[in-house]
1. Any idea which residue in the stretch 28-45 is surrounded by the fewest Cβ atoms within 10 Å (Cβ to Cβ), counting only those that are among the charged types (D, E, K, R) and more than 20 Å from residue 56 (Cα to Cα)?
2. When you scan the stretch 1-14, do you find a residue that is part of a strand (DSSP E or B), at pLDDT 90 or above and in contact with a strand residue (DSSP E or B) (Cβ under 9 Å, 6 or more places away or on another chain), even just one?
3. Where residues in the stretch 21-49 are within 9 Å of the chain's Cα centre (by Cα) and of a type in the set (A, V, I, L, M, F, W, C), which of them is farthest from residue 7 (Cα to Cα)?
4. Could you tell me how many of the residues in the stretch 15-27 are more than 15 Å from residue 62 (Cβ to Cβ) and either open to solvent by 100 Å² or more (accessible area, probe 1.4 Å) or at pLDDT below 90 (or both)?
5. What number of residues in the stretch 46-62 are modelled with pLDDT of 90 or more and either hydroxyl-bearing (Ser, Thr, Tyr) or open to solvent by less than 60 Å² (accessible area, probe 1.4 Å) (or both)?
Amino acid sequence: MTERQVEITHVCFIRKPDDVIRCTRLPGHEGDHHDYLVGTTDSRGRRPGVWWPRRGGETQFD
């Protein structure tokens with residue numbers, strides 16, 4: 001089987017450096033990346049998520 005690259009079009013999906021976490025914001029967003037699926041759910045059913053800064057030239061395939 002050969003590897004292929006598939007672009008995820010409905011989320012940014014940029015990987016956090018040195019981690020497996022990926023951005024879950026809309027493609028082309030401004031500001032920092034954010035994965036809202038990370039962390040422990042609080043009493044209201046929310047998670048804190050993780051934020052990290054954008055870097056120039058990032059792609060989903062980095």
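The values are calculated or read from the model by the stated rules, or taken from the named source; none is laboratory data. Given the structure is predicted, the values throughout are model-derived calculations rather than measurements. Please note: Cβ atoms are built from the backbone with ideal geometry, for glycine as well, and neighbour counts cover all protein chains shown. Each accessible area value is taken on the protein alone, full model and side chains, heavy atoms only, with ligands, DNA and RNA left out. Shrake-Rupley method; radii C 1.70, N 1.55, O 1.52, S 1.80 Å.
1. Of all residues in the stretch 28-45, those among the charged types (D, E, K, R) come to 30, 32, 35, 42, 44.
If we keep only those that are more than 20 Å from residue 56 (Cα to Cα) too, we end up with 42, 44.
Working: 42: 9, 44: 5.
Result: 44.
2. So the first thing to find is which residues in the stretch 1-14 are part of a strand (DSSP E or B), and the list is none.
The answer is no, given that none of the residues of the stretch 1-14 is part of a strand (DSSP E or B), at pLDDT 90 or above and in contact with a strand residue (DSSP E or B) (Cβ under 9 Å, 6 or more places away or on another chain).
3. Here is the first cut: in the stretch 21-49, the residues within 9 Å of the chain's Cα centre (by Cα) are 21-25, 33-36.
Filter once more, keeping what is of a type in the set (A, V, I, L, M, F, W, C): 21, 23.
Numbers: 21: 16, 23: 13 Å.
Filtering the stretch 21-49 for residues that are within 9 Å of the chain's Cα centre (by Cα) and of a type in the set (A, V, I, L, M, F, W, C), the one farthest from residue 7 (Cα to Cα) comes out as 21.
4. 1
5. Selection size over the stretch 46-62: 4.
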